[in-house]
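Novice: Take this structure, written in structure tokens, and hold onto it; I'll ask about it next.
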Amino acid sequence: MTTLITGGAGYIGSITARAIRASGRAVVVLDTLENGHRKAVGDAPFVQADVADADAVRRTVEEHGVDEVVHFAAYKAVGESMENPGKYFANNVTGSQKLFEVLHTCGVERVVFSSTAAVYGTPSRVPVRETDAANCESVYAETKLMIEKTLGWYSRTTGMRSVCLRYFNAAGASDDATLGEDWRFSQNLVPHVMKAVLGRSPALKVFGNDWPTPDGTGVRDYIHVEDLATAHVAALDHLSSGGASVTCNVGTGQGTSVLEVIAATERIAGRKVPHEIVGRRAGDVSEVFADASLIRGLFGWEPRRHLDDIISSAYAWHSANPDGHPS
């Protein structure tokens with residue numbers, strides 16, 4: 001069985017590619033390297049191309065005998081999506097639609113899609129369930145929801161089946177600290193905490209300590225990237241065994257505050273994280289975490305790592321790669 005991984009040279013994609021190979025599948029990675037790193041692919045077959053390049057995708061599918069696809073390739077900066085919506089609709093949505101049509105014509109009928117919990121927007125309740133209404137508050141989130149809907153229609157009109165995984169907050173690095181998140185391209189909390197504790201940035205800005213949470217800072221559901229990777233393997237197994245299309249949250253089901261992330265980092269690193277409290281950011285919410293019971297029940301998947309594992313792996317990775325991912 002061969003799995004095509006689009007965006008497999010990126011942070012989550014490269015770690016997932018390794019997990020998929022460990023499951024006994026062959027993989028081939030397709031990536032533009034715009035935000036990915038060739039070294040992260042390792043010795044896996046690699047094609048430098050865009051998912052919108054139908055000829056390149058078709059050639060890759062045929063030459064490597066692709067049976068299934070995990071689709072990561074997308075732009076993901078929320079702020080940029082609001083400033084340049086056309087870029088996001090063209091790449092994320094149109095590019096994905098071109099990819100799916102090539103897969104359909106080539107007879108590839110199993111797709112796992114990298115979606116996001118951002119489709120829920122500001123939740124009306126927590127934990128967030130898959131049955132809760134989508135309420136996209138950014139162009140980025142809207143593009144992910146549009147791709148989910150595109151796959152839904154392919155499932156209804158063709159033999160293609162898909163699993164859409166709505167990630168909460170992916171964090172941490174590979175267990176061996178050889179793959180991780182390049183903080184030059186990240187807007188996520190943990191890399192910025194690492195940058196501050198390692199003295200590579202000014203004091204970390206904590207946006208508000210007056211939220212209605214136990215310590216006043218924002219609460220999010222942080223899931224270790226290695227656990228996230230195994231969720232993709234479980235999704236592929238579900239589809240290869242004949243499972244129906246489904247959309248699942250991928251999170252731990254537990255919330256962690258900004259101050260708790262800082263405290264864990266200080267304990268593990270043995271040094272203070274310089275930080276300052278500033279005003280709330282527009283668009284932020286107080287608390288978001290997942291109801292992950294669907295993926296647990298359907299796939300038998302469980303997150304195995306905790307906050308300390310996330311922080312330990314991230315600290316090891318960023319300490320060894322303070323200038324970002326090696327080229």
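Novice: Treat every Asp and Glu Cβ in region 1-66 as -1 and every Lys and Arg Cβ as +1, leave all other atoms uncharged, and give the resulting dipole magnitude about the Cα centre to the nearest 20 debye. Display every interim value, and only then the final one.
Specialist: Details: 7 positive and 8 negative charges, 70 e Å.
Computed about the Cα centre, the dipole is about 340 debye.
Novice: Among 98/144; 39/87; 39/98; 76/144, which pairs are too far apart, with a Cα-Cα distance over 20 Å? The partial results should precede the final answer.
Specialist: Details: 98/144 15 Å; 39/87 27 Å; 39/98 27 Å; 76/144 9 Å.
Checking Cα-Cα distances, 39/87; 39/98 exceed 20 Å.
Novice: In terms of modelled amide H atoms, which long-range or inter-chain residues lie less than 5 Å from the amide H of residue 164?
Specialist: Distant-sequence amide H within range of residue 164: 113, 246, 247, 248.
Novice: Under 22 Å Cα to Cα from residue 272, which lysines show up? Leave out anything in the same chain fewer than 8 places away.
Specialist: Residue 272 reaches 195, 205.
Novice: With charges set only on the Cβ (+1 for Lys and Arg, -1 for Asp and Glu), what does the dipole of the chain come to about its Cα centre, in debye to the nearest 20? Mind dumping the intermediate values first?
Specialist: On the way: 31 positive and 39 negative charges, 26 e Å.
Value, rounded to 20: 120 debye.
Novice: Among 232, 49, 179, flag the residue with its Cα farthest along the positive direction of the charge dipole of the chain, charges on Cβ as +1 for Lys/Arg and -1 for Asp/Glu.
Specialist: Comparing the listed Cα positions along the dipole, 179 ranks first.
Novice: Another question, then. I want the local charge near residue 240. Using Cβ-Cβ distances under 12 Å, sum +1 for each Lys or Arg and -1 for each Asp or Glu among the other residues. Please list the in-between numbers first.
Specialist: Values: positive: 25, 110, 161; negative: 67, 68, 109, 237.
So the surrounding residues net to -1.
Novice: Which far-off residues, 5 or more places away or on another chain, put their amide H under 5 Å from the one on residue 275, with H placed in the peptide plane?
Specialist: Here the answer is 204, since their amide H atoms fall under 5 Å of that of residue 275.
Novice: Let me ask you something else. Which of the listed residues, 138, 247, 165, is farthest toward the dipole's positive end in the chain, when Lys, Arg count +1 and Asp, Glu count -1 at the beta-carbon?
Specialist: Of the listed residues, the answer is 138.
Novice: Further question on the same structure: For region 95-112, in order, what is each residue's ³J(HN,Hα) by Karplus, 6.51 cos²θ - 1.76 cosθ + 1.60 with θ = phi - 60°, in whole Hz (x at glycine and Pro)?
Specialist: x, 5, 5, 5, 4, 5, 5, 5, 4, 4, 5, 8, x, 8, 10, 10, 9, 10
Novice: With +1 on the Cβ of every Lys and Arg and -1 on the Cβ of every Asp and Glu, and nothing else charged, how large is the dipole of region 3-127 about its Cα centre, in debye rounded to the nearest 20? Show your work: numbers first, answer last.
Specialist: Numbers: 12 positive and 14 negative charges, 89 e Å.
With Lys and Arg at +1 and Asp and Glu at -1, about 420 debye.
Novice: Applying the Karplus parametrisation 6.51 cos²θ - 1.76 cosθ + 1.60 with θ = phi - 60° to the phi angles of region 286-301, what ³J(HN,Hα) value in whole Hz is obtained for each residue in order, glycine and proline being reported as x?
Specialist: 6, 8, 9, 8, 8, 8, 9, 5, 5, 5, 5, x, 7, 9, x, 8
Novice: Hey, another quick one. Taking +1 at the Cβ of each Lys and Arg and -1 at the Cβ of each Asp and Glu, which of 116, 208, 32 sits farthest along the dipole of the chain towards its positive end, judged by Cα position relative to the Cα centre?
Specialist: It is 208.
Novice: From the phi of every residue in region 185-201, what ³J(HN,Hα) in whole Hz does the Karplus formula 6.51 cos²θ - 1.76 cosθ + 1.60 yield, where θ is phi - 60° and glycine or proline is x?
Specialist: Each residue of region 185-201 in turn: 10, 9, 10, 7, 5, 4, x, 6, 5, 5, 4, 5, 5, 8, x, 9, 7 Hz.
Novice: Starting from the amide H of residue 116, placed 1.01 Å from N in the peptide plane, find each other amide H under 5 Å away whose residue is 5 or more places distant or on another chain.
Specialist: When sequence neighbours closer than 5 places are left aside, the close amide H contacts are 167.
Novice: May I ask you to order 53-66, 311-324 by the average number of other C-beta atoms within 10 Å around their residues, highest value first?
Specialist: Working: 53-66: 16.1, 311-324: 19.1.
Ranked from most to least packed, the peptides come out as 311-324, 53-66.
Novice: Using alpha carbons only, how many degrees (0 to 90, rounded to 10) separate the axis of helix 11-22 from the longest principal axis of the chain?
Specialist: Its long axis makes an angle of about 60 degrees.
Quick note: the coordinates plus some simple rules give every number you see, no bench work behind them. Model, not experiment: these values are computed from the prediction. Note that each Cβ is placed from the backbone with ideal geometry, even for glycine, and that neighbours are counted across all protein chains shown.
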